[in-house]
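Undergrad: Quick one: the structure is below, questions incoming.
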Amino acid sequence: MSYFQSTAPKCTHYPQEWDEVLAQIKGWGDSCSFSTQVSQPLEAKALYMFTIARRLMRTAQSLVECKDDWKSVFIEGTILLFPMLELMGHARLDATQVRNQYGGKNDVTSVDLWAGLHWIRDVNYVPQVNDNKQGTDTTALDRWQIGHLVALRNFLLHGSKNARDNKGRQIPIEDVISFEFPGFIVEKAQPAMMNYWRQLKQDNGSQYWLQRLARADIRPLKIEGSVFEKGLVDPDIVDCLEGREPFLGKKKRLAQH
């Protein structure tokens, strides 16, 4: 059994480690509802990616004491959600296009975030990196410009230094930052993750989602002394992706073996 239709795409980076994550999941047996369904390392990689994204989203939401009251914690929430968007965006990019435009640089987090913001805007959007001007993208994501949100991320995660675009022009961060942004992202990310999971499952090899995920430079997070020694994958992540469990619900725990 397998979730993905195509078995052709292989993990370009850390293939042995993803083999080990797959073996770990299968070793959970009946304590994990999808342990017998997963049969490819790329599926394990996908479920790891969704696990990390969901945990960041859930942690951001946990800062809010009352529903939709982000006013006192919107900075903290925003900082947690930008890495989630970067991770998802990175998996949806064409690695060859990025390398051609950025000269093989390893740090292309602005491009990753750009792709992640477009994913929230439209899950069917296929990001094409044909230049290096993603930081000036004027496409609207609700009330924000995507390029301005990339600048906001750089401003917050690099010591709140003065924000400028790639032409050296100052960007008015006070006009971009909003207490409504993290709640907007959390609301949009839940259905977007479910739709992305559906895209991966429906890709029969003639599309691009599996190939892009396979080539994404994503490495499993290992937690020694736990059931996640080979890689962090929540045992209820598939139930969340398929609508059987809430994304922001209480974590299901695996028994220690």
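The values are calculated or read from the model by the stated rules, or taken from the named source; none is laboratory data. Not measured: the values here are computed from a predicted model. Cβ sites come from the backbone with ideal geometry, for glycine too, and all protein chains shown count toward neighbours.
Undergrad: Among the residues of segment 57-76, write down those that are closer than 24 Å to Gly116 by Cα and hydrophobic (A, V, I, L, M, F, W, C).
TA: Result: Met57, Ala60, Leu63, Val64, Trp70, Val73, Phe74, Ile75.
Undergrad: Say whether the condition of being of a type in the set (Lys, Arg), surrounded by 20 or more Cβ atoms within 10 Å (Cβ to Cβ) and modelled with pLDDT of 95 or more is met by at least one residue in segment 149-168. Show your work before the answer.
TA: First, the residues of segment 149-168 that are of a type in the set (Lys, Arg): 153, 161, 164, 167.
If we keep only those that are surrounded by 20 or more Cβ atoms within 10 Å (Cβ to Cβ) as well, we get 153.
Pick out the ones that are also modelled with pLDDT of 95 or more and you get none.
Looking through segment 149-168, none of the residues is of a type in the set (Lys, Arg), surrounded by 20 or more Cβ atoms within 10 Å (Cβ to Cβ) and modelled with pLDDT of 95 or more.
Undergrad: Name the residues in segment 202-221 that are touching an Asp or Glu at 6+ places or on another chain (Cβ under 8 Å) and at pLDDT below 95, would you?
TA: Scanning segment 202-221 gives a single hit, Tyr208.
Undergrad: Now for a separate question. Would a scan of segment 233-250 turn up a residue that is at pLDDT below 80, out of contact with any Phe, Trp or Tyr (no Cβ under 6 Å at 6 or more places or on another chain) and surrounded by fewer than 20 Cβ atoms within 10 Å (Cβ to Cβ)?
TA: Within segment 233-250, one or more residues are at pLDDT below 80, out of contact with any Phe, Trp or Tyr (no Cβ under 6 Å at 6 or more places or on another chain) and surrounded by fewer than 20 Cβ atoms within 10 Å (Cβ to Cβ).
Undergrad: Also, I was wondering about something else. What pairs can you find where one residue is in segment 201-222 and over 15 Å from Met88 (Cβ atoms), the other is surrounded by fewer than 18 Cβ atoms within 10 Å (Cβ to Cβ) and of a type in the set (Lys, Arg), and their Cβ atoms are less than 8 Å apart, with a gap of 6+ or different chains?
TA: Ala214/Lys10
Undergrad: Follow-up question, since we're still on this one. For segment 2-47, enumerate the residues that are modelled with pLDDT under 95 and acidic (Asp, Glu).
TA: Correct list: Asp30 only.
Undergrad: I need the full set of residues from segment 53-79 which are in contact with a Pro (Cβ under 8 Å, 6 or more places away or on another chain) and part of a helix (DSSP H, G or I), in order please.
TA: Leu56, Ala60, Phe74, Gly77, Thr78
Undergrad: Taking segment 35-58, which residues are farther than 17 Å from Arg219 by Cα and surrounded by fewer than 21 Cβ atoms within 10 Å (Cβ to Cβ)?
TA: Passing the criteria: Ser35, Thr36, Gln37, Ser39, Arg58.
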